[in-house]
1. Looking only at helices (runs of 4 or more DSSP H) that fall completely inside region 194-310, which ones have 2 or more residues that are in contact (Cβ under 8 Å) with a residue 60 or more places away in the chain?
2. Just name the residue that is most open to solvent (accessible area, probe 1.4 Å) out of those in region 155-176 that are among the hydrophobic types (A, V, I, L, M, F, W, C) and over 24 Å from residue 226 (Cα atoms).
3. All but one of (1) without any contact (Cβ under 8 Å) to a residue 60 or more places away in the chain; (2) on the phi > 0 side of the Ramachandran plot; (3) under 23 Å from the mean Cα position of the chain (by Cα) hold for residue 97; which doesn't?
4. Among the residues of region 66-96 satisfying the criterion of being outside any helix (DSSP H, G or I) and polar (S, T, N, Q), which is farthest from residue 222 (Cα to Cα)?
5. In this structure, does residue 349 turn out to be in contact with a helix residue (DSSP H, G or I) (Cβ under 6 Å, 6 or more places away or on another chain) and surrounded by 11 or more Cβ atoms within 10 Å (Cβ to Cβ)?
6. Go through (1) of a type in the set (A, V, I, L, M, F, W, C); (2) surrounded by fewer than 18 Cβ atoms within 10 Å (Cβ to Cβ); (3) not in a helix (DSSP H, G or I) for residue 99 and report which single condition fails.
7. Out of everything in region 136-151 that is touching a helix residue (DSSP H, G or I) at 6+ places or on another chain (Cβ under 8 Å) and without any contact (Cβ under 8 Å) to a residue 60 or more places away in the chain, what residue ends up being farthest from residue 199 (Cα to Cα)?
8. Pairs needed: first member in region 102-115, within 16 Å of residue 167 (Cα to Cα); second member anywhere, open to solvent by less than 80 Å² (accessible area, probe 1.4 Å) and in a helix (DSSP H, G or I); C-beta distance under 6 Å; at least 6 residues apart or different chains.
Amino acid sequence: MERITIGNRLNKKTKIVIGKDLPTKINFIIGTNSKTKISVENEIKKIDLAVKMGVHTITDLSIVRLEKPLWKYVKQKYPHIAVGINPPYLPYVENKGMISPQKLFLEIKNFVLSGGDFMTINFVPKTLSQLKKYLHNRKVPITSRQGGILASYMIKNGTGNPYWVILDDLMNLLKKYHVTVNIGSTFRPAGIAEAYDKAHKWEINRQMEIYQLFEKSGIQSIVEIMSHQPLHQIGSGIIGLRKKYGQYVPFQLLGPIVADIGSGRYDHITAAIGAAEAARYNVGKITVIPPKEHVGMPTLQDVAEGINAAKISVHAGDLTRLPKLINEDWKILLLRSKYRSCNPLAKTKGCNKCGKYCPLILINPNKNES
């Protein structure tokens, strides 16, 4: 599908269009690991800020069940925002590591019938033997939380991926309510040094097979193929997969983070570089990465920095293929010209750095210089 519209049929106001020749959309992650009032209020403040700053979708990754889930708060207050979850989290936590297919499907069904718009599902690996085969020869076998939860359950119980047990019922539900699936990645790398290793490449091919299955069934899906990825592999990877499968494929990238040396305080910068490159190749959607992505819960300041970095980066990338977007940049140039200042918000001549020797004062573009 060259373009998809994220939005449950139950939500008339939710229509987030993603796809070919469109600006890159931005996903924001929230979630709490505590039911305390302060923890929940902090996440609500992040939601309010993120919506104000212009994100398009919000994913609730809470690992505690709240009386009113955060995603429901979003849906009720901001019906134009699409909301999503990772289905196994709460069943796993509440059932001491057990994820019965029946309880997993019930979690998904309740989410869909309550108006949920999308969900991330890790269909790969399908079997226990596949899981064990690709766990080895990596410094960090699994960095995906959903992937780790599923892997733990599969190993502990000697069983396969529970999603495949409920696949037929799941597909019927998704199609009926027009719910979008993010085909998640269990073996996405934890660092750029292991990007496109044997496990990562194998999983991407399996993800694409699932994407094709859903497309033939009339179910919307997005493929999550990258998180930590060297810069030169982003565009080539996107182009390569679309060429291999002969069609535009919508992707959602987690960043991608192009250098691990920024981990701890500058993840938003390394992710912004990757997001710009991804937007250049019409990826579809990227996820906001805050400054301290790997070292703790983001603060409101982290949220603001991460979203600003994401917005600027995708605009830069989108500009390379959507020339009309330069109108926003043109407005800045006109303000600089009007106020004769490098600072378009100053409304005063010159700038602090140059003083009276500012070239915008010395040379007036509105007068003919002899």
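The values are calculated or read from the model by the stated rules, or taken from the named source; none is laboratory data. Everything numeric in this text was worked out from a predicted model, so none of it was measured. For neighbour counting, all protein chains shown are included, and Cβ atoms are generated from backbone atoms with ideal geometry for every residue, glycine included. Remember, those area values only see protein heavy atoms, side chains included, never the ligands or the DNA or RNA. Shrake-Rupley method; radii C 1.70, N 1.55, O 1.52, S 1.80 Å.
1. The qualifying helices (runs of 4 or more DSSP H) are 198-216, 267-280.
2. In this case the residue turns out to be 165.
3. Only one criterion is unmet by residue 97, namely (3).
4. Pass one, region 66-96, residues outside any helix (DSSP H, G or I): 66-69, 78-88, 95-96.
Now narrow it down to the ones that are polar (S, T, N, Q): 86, 95.
On the way: 86: 14, 95: 29 Å.
Going through the qualifying residues, I end up with 95.
5. Yes: the conditions hold for residue 349.
6. All conditions pass for residue 99, except number (2).
7. Residues of region 136-151 that are touching a helix residue (DSSP H, G or I) at 6+ places or on another chain (Cβ under 8 Å), as a first pass: 137-142, 145-146, 149-151.
This time we only want the ones that are without any contact (Cβ under 8 Å) to a residue 60 or more places away in the chain, so: 139-142, 151.
Details: 139: 12, 140: 12, 141: 9, 142: 10, 151: 14 Å.
So the residue we want is 151.
8. 103/91; 104/91; 104/162; 107/91; 112/173; 112/177
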